[in-house]
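The values are calculated or read from the model by the stated rules, or taken from the named source; none is laboratory data. Small disclaimer: the values here were computed from a predicted structure and weren't measured. So basically every Cβ, Gly included, is an ideal-geometry build from the backbone, and we count neighbours across all protein chains shown. To get the accessible areas, we keep the full protein, side chains included, count just its heavy atoms, and leave off ligands, DNA and RNA. Shrake-Rupley method; radii C 1.70, N 1.55, O 1.52, S 1.80 Å.
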Amino acid sequence: IDLRQSEMLYEDLYNSTWRQAQELSLLVRVREALANKVQFADVIRTVVEATAEAFGYDYVTIYLLRDDVLHLQYHIGYENTIPQMPINKGVIGRVARTGEAALIEDCRLDPDFIGAIEGLYSMWKLAPHSG
């Protein structure tokens, strides 16, 4: 039992350390993009691509908020996209409106979910940076 608990603790520590290393790598790439890219669109593209690569995500998007509407800037993986989303609709609208990050383990259970992909059941949205 002690050995199994030790293994589980080691696995949790390894996973946490791996994720922190990926996050740090992503931050370095974003910093480099900000320092070296002249065009804002290039920075957005770099952030999306680096996020997908760092965490192995198949679907990544960045929306920017203007006048209570989220506007798609860049994406990876989506065949169909939602180009604009008012902040009073969808999970991304809720996150933009409330400033609270959301981890949706089963989108079918969230009444705010609006899907761009058939069969998608999980999503993670970061709250916008305030400050």
| field | Length-normalised contact order of the range 17-85 in % [C-alpha pairs under 8 Å, at least 6 apart] | value | 24 percent
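So what is the 222 nm mean residue ellipticity for the chain from helices alone, if each DSSP H run of at least 4 adds -39500 (n - 2.57) and you divide by all residues, rounding to the nearest 500 deg cm²/dmol?
Taken over the chain, the calculation gives -16000 deg cm²/dmol.
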| message | Below 14 angstrom from the Cβ of ILE76, what's the summed charge of the other residues (Lys, Arg +1; Asp, Glu -1)? | response | -3
| query | How much area per residue is accessible in the chain when the probe is 1.4 Å and only protein heavy atoms are counted (Å²)? | reply | 73 Å²
| said: Could you compute the longest span of the chain free of chymotrypsin sites (Phe, Trp or Tyr not before Pro) located in DSSP loops and having at most 15 other Cβ atoms within 10 Å, not counting the site residues? | reply: 1-56
| query | Leaving out ligands, DNA and RNA, what percent of the accessible area of the range 4-68 is carbon and sulfur, probe 1.4 Å? | reply | 53 percent
| Pick from VAL28, VAL60, VAL48: which residue has the top mean-square fluctuation in a GNM of the chain where Cα pairs under 10 Å get a spring? | VAL28
| message | Taking each pair of distinct Cα atoms in the chain once, what is the resulting Kirkwood hydrodynamic radius in Å? | response | 16.6 Å
